[in-house]
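Q: Take this structure, written in structure tokens, and hold onto it; I'll ask about it next.
Any read-out appearing in this document is the output of simple, stated calculations on the displayed coordinates, not a laboratory observation. If you're wondering where the values come from, they're calculated on a predicted model, not measured in any experiment. All Cβ positions, glycine included, derive from the backbone under ideal geometry; neighbour counts span all protein chains shown.
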Amino acid sequence: MSGMLAAALALARRDLRAALRRWGELALPLCFFVIVLTLFPLGLAPERDTLAAVGPGVLWVAALLASLLALESLFRSDMDDGSMEQLVLSPQPLALMALVKALTHWLMSGLPLVLLTPLVAQAFYLPGNAIWVLALALFLATPTLSLIGAVAAALTASLRRGAGVLGILVLPLAVPLLVFGARATDLAIQGQSAAGPLYLLAALFALAVTLAPLAIAAALRISVD
Amino acid sequence: MLELRDIAVARSERVLFDGLSLGLGPGDLATVVGPNGAGKTSLLRVVAGLSRAHAGSLQWRGRPLEPGDPVYGRERLYLGHQPGLKADLSVSENLRFLLELQGAGFDPEALETCLAPLGLGGLAHRPVRALSAGQRRRVALARMRLCGSLLWLLDEPLTNLDVDGQALVARWLDEHLAGGGLAMVASHAPLGTRHPGRRLEVALGR
């Protein structure tokens with residue numbers, strides 16, 4: 001048991017360290033997120049009402065696409081340098097290792113996105129209360145997205161050009177997150193309680209965190225075969 | 001300890017060989033030889049548990065092997081074509097992770113004494129990115145000494161190694177076998193081991 005925990009921590013430490021030494025790759029999806037969001041006020045009429053109306057939807061779609069961008073690298077380098085073989089061969093449960101990898105990935109791609117949101121949301125004239133609901137909804141939705149995305153990334157890990165397939169696999173599965181997330185933000189803008197959709201997002205996370213690791217592990221075994 | 005029964009190996013639905021049976025006990029060395037494409041790597045990947053055998057069964061310590069068997073995971077060491085090292089991490093960070101992953105303890109002093117004969121003394125904190133192909137291979141080989149596995153599955157361990165490195169692999173193999181270890185090695189070049197124990201040759205594609 002303690003060996004399992006030590007291995008899980010070692011994997012998290014290794015992934016964080018390797019990623020921080022290539023911080024440029026981490027910054028890429030965040031830059032994409034900010035640039036896409038600044039394009040909308042420029043492309044649409046920069047009027048307060050228009051922007052506040054499209055704001056929540058645009059923010060959610062941009063967040064989805066930005067995390068999709070970060071997903072490709074999740075298992076790619078491990079496949080290329082052979083460490084995926086060693087992960088699969090290790091005595092540790094592969095589902096646990098998969099969970100650690102997905103959550104570490106979220107720490108480096110999803111969490112920065114959540115932290116950045118209150119800043120970029122200013123460009124869409126969202127009321128203060130709605131900004132915090134939006135950040136909370138993203139905080140609940142992005143880990144789920146990382147887990148769903150990890151299943152797809154594991155399935156496409158052995159494909160040379162997996163990025164396109166990844167989008168086709170992940171985005172339809174992300175629809176519930178988009179629906180509940182945008183709904184929560186809308187309710188907050190109208191000054192109503194957003195608790196319902198937020199609870200649903202939390203429930204989706206509970207579902208993903210229990211089931212996705214098993215699916216990722218099975219997909220990884222297929223991919224290294 | 002390791003039993004292969006009627007193993008058939010296929011790649012992309014094409015059967016490379018079938019009916020391979022083999023038993024390895026403590027101190028036994030099996031060398032896998034054959035021309036390119038005969039299935040040496042595929043066989044080692046099946047024995048390691050990375051790929052499924054097309055037919056036949058594998059046993060370790062008298063028990064059939066399932067994917068993700070924790071006992072086999074600790075006792076078997078597989079060194080494939082790819083060394084499994086992260087280019088951005090240092091030699092010691094990489095080895096520490098691989099050892100902890102396998103459930104083996106990490107001892108910085110043991111690491112230093114292991115790296116010295118490999119010609120990597122003083123390079124423990126150098127990122128793997130800065131090493132040559134031969135040096136990377138040597139880092140991967142350090143795991144043979146550090147993780148204390150009983151069964152070594154080595155796929156072309158001599159690739160990229162100079163004469164000294166090849167002699168070192170032979171010496172470590174001898175010591176491993178003399179200590180009751182098992183090894184299965186795919187290699188084009190003669191290994192140069194001197195251990196008098198049982199040696200089996202698995203000739204594929206003949």
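Q: When the chain is fully extended, how far beyond the present Cα-Cα distance does A:Val54 get from A:Ser193, taking 0.36 nm per residue of separation?
A: Numbers: separation 139, 0.36 × 139 = 50.04 nm, distance 2.00 nm.
Here the segment from A:Val54 to A:Ser193 would lengthen by 48.0 nm.
Q: Percentage of Cα-Cα pair distances in chain B greater than 20 Å, rounded to whole percent? The partial results should precede the final answer.
A: Numbers: 11967 of 21115 pairs.
So the pairs more than 20 Å apart make up 57 percent of the total in chain B.
Q: Let me ask you something else. Could you tell me the calculated FRET efficiency between B:Glu66 and B:Asp18, based on Cβ-Cβ distance and R0 = 25 angstrom, to the nearest 0.05? Before the final figure, lay out the partial values.
A: Working: r = 22 Å, r/R0 = 0.87.
After rounding to 0.05, the efficiency reads 0.70.
Q: On to the next question. Choose one answer from A:Ala137, A:Ala206, A:Ala62: the residue with the largest mean-square fluctuation in a GNM of chain A with alpha-carbon springs under 10 Å.
A: Result: A:Ala206 has the largest fluctuation of those listed.
Q: Using only the alpha-carbon atoms, how far is helix B:133-146 inclined from the longest principal axis of chain B? Give it as 0 to 90 degrees, nearest 10.
A: Roughly 80 degrees, rounded to the nearest 10.
Q: If each residue's Cβ is checked for other Cβ atoms within 10 Å, how do A:Thr104, A:Thr50 rank with the fewest at the top? Don't skip to the end; give the middle numbers.
A: Working: A:Thr104 20, A:Thr50 15.
Arranged by neighbour count, lowest to highest, A:Thr104, A:Thr50 become A:Thr50, A:Thr104.
Q: Follow-up question, since we're still on this one. Please tell me the relative contact order of the stretch A:98-225 in percent, rounded to the nearest whole number, where contacts are Cα pairs under 8 Å and at least six residues apart.
A: Working: 128 pairs, mean separation 44.7, N = 128.
Taking the mean separation of contacting Cα pairs over the length of the stretch A:98-225, I get 35 percent.
Q: Among bridges DSSP assigns within the protein assembly as shown, what percent are antiparallel (round to 5)?
A: Values: 15 of 33 bridges.
Percent antiparallel among DSSP bridges in the protein assembly as shown is about 45.
Q: Treating the angle as unsigned and between 0 and 90°, give the value, to the nearest 10°, between the Cα long axis of helix B:163-178 and the longest Cα principal axis of chain B.
A: Around 60 degrees separate the two axes.
Q: Counting other Cβ atoms within 10 Å, which GluC sites (Glu not before Pro) in the stretch A:23-98 have at most 14 and lie in a DSSP loop?
A: On the way: sites: A:Glu25, A:Glu47, A:Glu72, A:Glu85; in loops: A:Glu47, A:Glu72.
Answer by residue number: A:Glu47.
Q: Turning to a different aspect of this structure: Round to the nearest 0.05 the FRET efficiency obtained for B:Arg194 and A:Arg22 when R0 = 51 Å and r is the Cβ-Cβ distance. Write out the running numbers ahead of the final one.
A: Working: r = 45 Å, r/R0 = 0.88.
With R0 = 51 Å, the Cβ-Cβ based efficiency is 0.70.
Q: Write down the percent of antiparallel bridges among all DSSP beta bridges whose residues are both part of chain B, to the nearest 5.
A: Numbers: 15 of 33 bridges.
Around 45 percent antiparallel, to the nearest 5.
Q: At a Förster distance of 51 Å, what's the computed FRET efficiency of A:Val179 paired with B:Asp162, Cβ-Cβ distance as r, to 0.05? Display every interim value, and only then the final one.
A: Numbers: r = 61 Å, r/R0 = 1.20.
In this case the efficiency is close to 0.25.
Q: Continuing with this model, one more query. Compute the helix-to-body angle for A:175-189: its Cα long axis versus the longest principal axis of chain A, expressed 0 to 90° and rounded to tens.
A: 30
Q: How long, wide and thick is the stretch A:2-224, going by the Cα atoms along their three principal axes, in whole angstroms, largest first?
A: That gives 56, 32, 28 Å along the principal axes, largest extent first.
Q: Additional query: In which sequence would A:Lys101, B:Lys86 go, from the one with the fewest C-beta neighbours within 10 Å to the one with the most?
A: Values: A:Lys101 25, B:Lys86 22.
Fewest-to-most Cβ neighbours within 10 Å comes out as B:Lys86, A:Lys101.
Q: Right, next: Rounded, prolate or oblate: which fits the protein assembly as shown, taking a ≥ b ≥ c as square roots of the Cα gyration tensor eigenvalues, rounded meaning a/c under 1.5, else prolate when a/b beats b/c? Write down the numbers at each step before the final one.
A: Working: a/c = 2.77, a/b = 2.22, b/c = 1.25.
The shape class here is prolate.
Q: Another question about this same structure. Under 18 Å from a label point 7 Å along Cα→Cβ of A:Ala202: give me every residue in the stretch A:108-140 with its amide N that close.
A: Only A:132-140 fall inside the zone, counting backbone N under 18 Å.
Q: Measure out, as a whole number of angstrom, how far apart the alpha-carbon centroids of the stretch B:62-117 and the stretch B:177-206 sit.
A: 22
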